Amino acid sequence: MARPSDAKSRFIATAADLFRRRGYNGVGLTEIIEISGAPKGSFYHHFPGGKEELAEAAVELATASLIRMIDRAFADATRFNDGLARFTAAVAQILENSGWQAGCPVTAIALTAVPESTRLHTAVQAALETLLTCLSAHAIRLGEPEAARNRALRFFSALEGAWILARIQRSTQPFELVLETA
């Protein structure tokens, strides 16, 4: 019996990593296929919509990863700010460990492919909505229902700005300011 191929997941994981480091336009399809190690012939079988469909899947993968990180950060939190602080620290650690290269994968797509691509614009909007809903639910669970969604939006706005500035400055210092804004 033939074993199932993991080519599709390899394409997606490789694309998500490369996009977060260099943006959508900074990565070619040939490079993604080569680095993934998956068979080139299977790419269009899994992604008949090409690079754009692959990027949509990468946004979905990145969103799921961010949701897991948020949920872990809030798992033992007794206050909303404690969960925000843990999540922010986790993001800062990822960026620092990557040598200041690993930006937010969702933002990387947003900055380099939206609004030109309606498909990716829709994917990024859905990702943001999912992240806001998740964070708002934690705020409500921890007794801060008042303006939970607006607070989540302020937090993500500050976090994304800090992610970009930290990458430029090669410092986690911008992340330290995020909680003051949220």
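The values are calculated or read from the model by the stated rules, or taken from the named source; none is laboratory data. Being a predicted model, the structure only gives us computed values, none of them experimental. Here the Cβ is made from the backbone with ideal geometry for all residues, glycine too, and neighbour counts use every protein chain on show. For the accessible areas, the whole protein counts, side chains as well, though only heavy atoms, and no ligand, DNA or RNA atoms are used. Shrake-Rupley method; radii C 1.70, N 1.55, O 1.52, S 1.80 Å.
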Self-check item: Selection within region 144-173 - without any contact (Cβ under 8 Å) to a residue 24 or more places away in the chain and open to solvent by 10 Å² or more (accessible area, probe 1.4 Å)
Solution: Pro145, Glu146, Ala147, Arg149, Asn150, Leu153, Gly161, Leu165, Ile168, Gln169, Ser171, Gln173
Quiz item: Residue check: is Leu18 buried (at least 17 other Cβ atoms within 10 Å of the Cβ), within 13 Å of the chain's Cα centre (by Cα) and over 20 Å from Gln125 (Cα atoms)?
Solution: yes
Practice problem: Report the residue count in region 7-51 for those that are among the charged types (D, E, K, R) and more than 25 Å from Ser98 (Cα to Cα). | Solution: 1
Exercise. Please name all residue pairs, on different chains or six or more residues apart, with Cβ atoms under 7 Å, provided the first residue is in region 18-43 and is closer than 17 Å to Ala57 by Cα and the second residue is open to solvent by 50 Å² or more (accessible area, probe 1.4 Å) and small (Gly, Ala, Ser).
Key: Ser42/Ser5
Practice problem: For Leu128, work out the one condition from (1) open to solvent by less than 80 Å² (accessible area, probe 1.4 Å); (2) in contact (Cβ under 8 Å) with a residue 60 or more places away in the chain it doesn't fulfil. | Solution: (2)
Quiz prompt | Count of residues meeting criterion [acidic (Asp, Glu), out of contact with any Cys (no Cβ under 9 Å at 6 or more places or on another chain) and in contact (Cβ under 8 Å) with a residue 12 or more places away in the chain] in region 69-108 | solution = 1
